[in-house]
Amino acid sequence: MTETVLGNGALDAIRDRIDVPAYDRQGAPGVVHLGLGAFHRAHQARVFDALLRAGDDRWGVHAFSMRQPAVADALARQHGWYAVRMGSADGDRWVLGGAIWRTGVAATAPEEVHAAIAAPATRWVTITVTEKGYGETLNALLVEGLARRRMADLGGLTIASCDNLGHNGDRLRAQCLAAAQQRDAALADWIAQHVCFPNSMVDRIVPAASPELLQAAQAHLGVRDDAALGTEAFWEWVIEDRFADPGDAQALAAQGVRVVADVAPFEEAKLRMLNGSHTAMAAMGSVLGLPCISDCVADPDIRGFVHGLMSEELGPLLQRADWPDYRDQLLRRFANPTLRHRVHQIATDSSQKIPQRWPPSILPHLQQGRVPQRLAFAAAAWLRSLRGVDEAGQAYTIDDPLADTLRALALRHTGQPEALVKAMSAHDSVWGEELSRYPGWWAAVARALSDIERQGLIGALRALNLPSRKPS
């Protein structure tokens, strides 16, 4: 007997199990998304689904994977439908996503991306390509699509970067204008006048889908869903009030998006506290052989470390006035056992994430004459994690653009913390040039790494013995 798969033909069979959106999905999408993955489907696509459910038919999505076809193909087979499990201390809630109306793969069909951006119905482009995806490929896709809009005498767009980059809209605008200028100065002028690039901060923890999650989706729906995903109940989207259509501010705000004049305080808090703590825990969890962030936070020594990191070294530097409440909220979210957010997923591309997450907090302390010891410990834990083997001798894969170089250095200098730190400090692409001026910082990292090697990570963590408010 053939197994039933989620899709248009299965909707009647699942209506008594989950709420099926009633909006028409046959029209032209108003949003082009680049970087189709779990995060987009659990975040921006959920907002667009809410807008569609509210009767605003302009928010259907034409979503493109940048390189790999697996997600796009799975969604195509299911006509864009997928289930989302939202877990919290109060239990699980399932919702059905239907905002993705079309899918494609940018690497194999760039013409399809150009045409989608230049389609008359397109109003928005959203982007989740992660830090390493900002470059010539992305610029070329956007600029060619915008050039076609200009030639067709169509209006401008809102292009929203939804990644963990500081001032992401400003950066993307500068990239696109530079790429357009090389091609045609008149095109660059048109983009500057007609296309809006709002800065934004997006926040929702979305682990990679597991076999258990897919099995739970099938049990709940009664049909197979190869695109199901799990996330937390919490979500936040803060976006700058800078839109090609000013009316979008009210539409988004009505669905829970925070539209503000200045995203920076929220962006800064998220990058430093959530993402910075995540990277630290990913390194420690890798070394200890702990599979998930919730396992890390369940350890009282790690939880106390993270609380102290946010309380003493990250939070006091922030513009966000409610950072103590934000810290406590983060600790509760990290502890959510339903997420199973794997440390090795978070550790992916750490060499490109660290520059955004740690140095902006390290430098202010150094400039004021103090060494942030917890951040130095986090840096040491990351250096130890680069060996690709945990303290129990279990090997793991380091998924990073610099993996071969970094792992070779870590293995070459095993048992030589000062030599390893000296070698790693030369990687300005990770640490930035300014840290090289502070030998006290590198000495603290080397001491922490030496302690980790001599006492094990938990032993070194306990020996750190820094004053801090007790974790809540």
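The values are calculated or read from the model by the stated rules, or taken from the named source; none is laboratory data. Computed from a prediction, not measured in an experiment: that's the story for all the values here. Cβ: placed from backbone, ideal geometry, glycine included. Neighbour counts: every protein chain shown.
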(message) With the structure loaded, tell me whether T405 is among the hydroxyl-bearing types (S, T, Y), out of contact with any Leu (no Cβ under 9 Å at 6 or more places or on another chain), loosely packed, with under 13 Cβ neighbours inside 10 Å and modelled with pLDDT of 95 or more or whether it fails that test.
(response) no
(request) Looking at (1) surrounded by fewer than 19 Cβ atoms within 10 Å (Cβ to Cβ); (2) in contact with a helix residue (DSSP H, G or I) (Cβ under 7 Å, 6 or more places away or on another chain); (3) among the charged types (D, E, K, R), find the lone condition where D225 falls short. (result) (1)
(message) Within the stretch 195-216, take every residue that is in contact with a Leu (Cβ under 8 Å, 6 or more places away or on another chain) and over 21 Å from L36 (Cβ atoms) and give me the one that is surrounded by the fewest Cβ atoms within 10 Å (Cβ to Cβ).
(response) C196
(request) Scan (1) basic (K, R); (2) part of a loop (DSSP other than H, G, I, E, B); (3) at pLDDT 95 or above for the single condition R320 breaks and write down its number. (result) (3)
(message) Let me spell it out: the conditions are (1) within 23 Å of the chain's Cα centre (by Cα); (2) in the same structural domain as L375 (by TED's automatic domain parsing), and Q255 meets all of them except one. Which number is the exception?
(response) (2)
(request) Among the numbered conditions (1) over 27 Å from L290 (Cα atoms); (2) among the hydrophobic types (A, V, I, L, M, F, W, C); (3) at pLDDT 95 or above, tell me where A426 comes up short. (result) (3)
(message) What are the pairs with Cβ atoms under 9 angstrom where one residue, in the stretch 134-149, is among the basic types (K, R) and the other, located anywhere, is buried (at least 22 other Cβ atoms within 10 Å of the Cβ) and not in a helix (DSSP H, G or I)? Sequence gap at least six, or different chains.
(response) R149/T122; R149/L157; R149/V195
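Please determine whether any residue of the stretch 448-457 is at pLDDT 95 or above and under 23 Å from Q352 (Cβ atoms).
Step one: of the stretch 448-457, the residues at pLDDT 95 or above are 448-457.
When the remaining residues are screened for being under 23 Å from Q352 (Cβ atoms), the result is 448-449.
Within the stretch 448-457 (the criterion being at pLDDT 95 or above and under 23 Å from Q352 (Cβ atoms)), the answer is yes, since at least one residue qualifies.
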(request) Scan the stretch 215-258 residue by residue and report those that are within 14 Å of A160 (Cβ to Cβ), touching a Ser or Thr at 6+ places or on another chain (Cβ under 7 Å) and β-branched (V, I, T). (result) V238, I239
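This table checks each residue for (1) more than 19 Å from the chain's Cα centre (by Cα); (2) surrounded by 18 or more Cβ atoms within 10 Å (Cβ to Cβ).
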site	(1), (2)
P21	yes, no
G37	no, yes
L51	yes, yes
D56	yes, no
L75	yes, yes
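Can you find a residue in the stretch 440-454 that is at negative phi and not in a helix (DSSP H, G or I)?
Going through the stretch 440-454, the residues at negative phi turn out to be 440-454.
Retained after the next criterion (residues that are not in a helix (DSSP H, G or I)): none.
Taking every residue of the stretch 440-454 in turn, none turns out to be at negative phi and not in a helix (DSSP H, G or I).
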(request) Please enumerate the residues belonging to the stretch 258-281 that are of a type in the set (G, A, S) and either assigned by TED's automatic domain parsing to the domain that holds Q44 or surrounded by fewer than 20 Cβ atoms within 10 Å (Cβ to Cβ) (or both). (result) A261, A264
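Working carefully through the options V47, V113, V61, find the one that is under 21 Å from the mean Cα position of the chain (by Cα), in contact (Cβ under 8 Å) with a residue 12 or more places away in the chain and surrounded by 23 or more Cβ atoms within 10 Å (Cβ to Cβ). Spell out how you get there, then give the answer.
Values: V47 fails: surrounded by 23 or more Cβ atoms within 10 Å (Cβ to Cβ); V113 fails: under 21 Å from the mean Cα position of the chain (by Cα).
The match here is V61.
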(message) I want to confirm something. Restricting to the stretch 88-100 and keeping residues that are surrounded by fewer than 20 Cβ atoms within 10 Å (Cβ to Cβ) and in contact with a strand residue (DSSP E or B) (Cβ under 9 Å, 6 or more places away or on another chain), which single residue is modelled with the lowest pLDDT?
(response) S88
(request) State yes or no: is R462 of a type in the set (K, R), in contact (Cβ under 8 Å) with a residue 12 or more places away in the chain and either within 21 Å of G276 (Cβ to Cβ) or surrounded by fewer than 18 Cβ atoms within 10 Å (Cβ to Cβ) (or both)? (result) yes
(request) Residues being within 20 Å of Y326 (Cβ to Cβ) and surrounded by fewer than 20 Cβ atoms within 10 Å (Cβ to Cβ): count how many of those fall in the stretch 282-293. (result) 0
(request) Consider only pairs whose beta carbons are under 7 Å apart and that are at least six residues apart or on different chains; among these, list those whose first residue lies in the stretch 314-341 and is assigned by TED's automatic domain parsing to the domain that holds M281 and whose second residue is assigned to a loop (DSSP other than H, G, I, E, B) and of a type in the set (F, W, Y). (result) R333/F234
